[in-house]
Amino acid sequence: MFLKHKTALIALAAALVLPAFAAHAQKIRVGYWTSGVSLGFGSTIEQMKFLEKQGLEVEWVKFADVNGPTKGLVSDSIDIAFGASTAGALSTAADGVPLRIFLTTQIAEVQFVVLESSPIKSFADFRGKKIGMSPPGSATHSLAIALLEGNYGLKPADYTAVPGNEPRLAQFLAQGDIQAAALRGTTVATLDELKLRKLGNYVDEWKKLTKSNSVPVIGVGAIRTEYLAKNPEAVVKFIVGFKEATDWGGRNTGRVAEILQKVANMDATDASAYAKQWNAIYIASLEPADVVMLKRMGEMFRQAGTIKNPIPDSAFVTDPYVKAKARFAK
């Protein structure tokens with residue numbers, strides 16, 4: 001009798017505790033693009049439940065379009081986006097839409113490549129050629145336009161930009177439909193069968209153009225101002241979980257590769273090559289230098305015509321990162 005009574009009390013206690021925990025979980029709608037380098041991070045943070053471990057009740061919203069996360073913020077279908085196009089987020093904030101950039105999440109680890117047999121030897125040879133790159137609106141596209149013009153005087157009218165996702169661009173390159181392409185390191189690492197020659201990369205070209213040691217980013221964390229105002233603690237928890245996912249992935253590339261095989265249907269070789277690029281791609285930061293870099297990117301995009309308005313200081317919110325940083329694991 002005593003044992004039955006004790007068991008009943010334990011069951012009652014569990015029934016009371018579980019709803020109480022659920023009631024305290026903060027709801028958040030998180031969106032990301034299910035391609036490019038967003039796929040690897042999104043798959044990992046979702047499968048390993050880093051945000052849920054911070055006490056967040058996450059609704060994952062996935063977009064097939066690179067500009068989908070930013071549009072999702074504007075339409076109020078999500079609260080937060082990570083890996084959102086830097087160009088799209090800057091442009092949207094500059095237009096007065098109530099969203100803020102609160103984190104940098106993806107380094108512009110992109111390479112300009114040609115076939116090994118190509119007669120193209122330098123960027124000057126891009127004139128009159130077809131160059132593959134991500135679709136307009138993406139930071140990869142906007143940054144390519146700005147770097148080619150800033151460093152080599154190549155205006156968009158001097159070459160033909162051919163948009164497409166990375167597998168399609170690699171196919172175009174192999175078929176000779178384009179003569180060069182801007183491809184992410186993760187894509188280049190999985191193209192062993194395609195003999196490529198690298199002409200340069202975004203990071204080096206950015207440093208050359210800006211005469212600085214800063215590193216450009218193609219993906220940021222962006223948030224609706226309404227959600228931030230109502231749920232400041234949830235945003236801090238998001239950043240802490242995001243940073244833990246970033247650090248964990250860099251230490252556990254083998255496990256990341258397993259996740260990519262399961263979720264993204266990659267074969268073992270491609271998944272391993274992708275995972276090994278982790279530390280060169282993913283970050284979680286919004287230091288003062290990052291804000292300076294983002295403002296510089298915004299001005300560069302504006303001069304290149306991909307952004308219409310100046311980037312206001314109000315486009316950035318740093319307080320959540322400062323608070324989250326104090327909780328980062330040492």
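The values are calculated or read from the model by the stated rules, or taken from the named source; none is laboratory data. None of these values were measured; they are calculated from a predicted model. We place every Cβ from the backbone using ideal geometry, glycine too, and count neighbours over all the protein chains shown. The area values use the complete protein model at the heavy-atom level, side chains included, leaving out ligands, DNA and RNA. Shrake-Rupley method; radii C 1.70, N 1.55, O 1.52, S 1.80 Å.
Measure up Lys71/Lys237; Lys121/Lys195; Lys211/Lys308; Lys208/Lys237; Lys49/Lys195; Lys155/Lys295 against 27 Å on the Cα-Cα distance and list the ones that go over.
Details: Lys71/Lys237 24 Å; Lys121/Lys195 15 Å; Lys211/Lys308 25 Å; Lys208/Lys237 37 Å; Lys49/Lys195 38 Å; Lys155/Lys295 22 Å.
Beyond 27 Å: Lys208/Lys237; Lys49/Lys195.
Rounded to the nearest 500, what is the chain's calculated 222 nm mean residue ellipticity when only DSSP H runs of at least 4 contribute -39500 (n - 2.57) each, over all residues?
Working: 15 runs with 163 residues, N = 330.
Value at 222 nm, helices only: -15000 deg cm²/dmol.
Taking every pair of alpha-carbon atoms in the range 83-162, give the share separated by more than 14 Å as a whole percent. Don't jump to the answer; show the numbers that get you there.
On the way: 2134 of 3160 pairs.
It works out to 68 percent of all Cα pairs.
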* Asked: Taking a quarter of the surface of the convex hull around the Cα atoms of the range 205-293, what do you get in nm²?
  -> 7.8
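Given +1 on the Cβ of Lys and Arg, -1 on the Cβ of Asp and Glu, and no further charges, what dipole in debye does the chain carry about its Cα centre, rounded to the nearest 20? Before the final figure, lay out the partial values.
Details: 38 positive and 31 negative charges, 109 e Å.
Here the chain has a charge dipole of around 520 debye.
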* Ignoring ligands, DNA and RNA, what accessible area per residue does the chain give at 1.4 Å, in Å²? -> 45
* Using Cα centres only, tell me the gap between the range 70-98 and the range 257-330 in whole Å. => 14
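Out of every Cα pair in the chain, what percent are spaced more than 39 Å from each other? Kindly include the intermediate steps, with their values, before the conclusion.
Details: 9111 of 54285 pairs.
Pairs farther apart than 39 Å: 17 percent.
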* Structure fact -> Phi-derived 3J(HN,Hα) across the range 184-196 with the Karplus relation (6.51, -1.76, 1.60, θ = phi - 60°), rounded Hz, x for Gly and Pro, is 5, x, 5, 6, 4, 5, 9, 10, 4, 6, 9, 6, 10
* Which of Ser122, Val97, Pro163, positive extreme of dipole for the range 97-163 (C-beta unit charges) -> Val97
* Counting only C-alpha contacts under 8 Å and six or more residues apart, can you give the relative contact order of the chain as a whole percent? => 25
* Structure fact -> For the chain, the longest principal axis of the Cα atoms and the Cα long axis of helix 232-251 enclose an angle in degrees, to the nearest 10, of 60
* FRET efficiency for Trp248 and Ala25, using Cβ-Cβ distance with R0 set to 25 Å, rounded to 0.05 -> 0.70
* Structure fact -> For the range 179-325, averaging the sequence separation of alpha carbon pairs under 8 Å that lie six or more residues apart and dividing by its residue count, the contact order in percent is 28
* To do: Would you work out which of Ser142, Tyr227, Gly153 lies farthest towards the positive end of the dipole of the range 107-250? Charges go on Cβ: Lys and Arg +1, Asp and Glu -1.
  => Gly153
* Structure fact -> Sequence order, the range 50-63: Karplus ³J(HN,Hα) from phi using 6.51 cos²θ - 1.76 cosθ + 1.60, θ = phi - 60°, Hz rounded, Gly and Pro as x, gives 5, 6, 4, 5, 8, x, 9, 9, 9, 9, 7, 10, 10, 10
* To do: For the chain, find the longest principal axis of its Cα atoms and tell me its angle to the long axis of helix 253-263, 0 to 90°, nearest 10.
  => 90
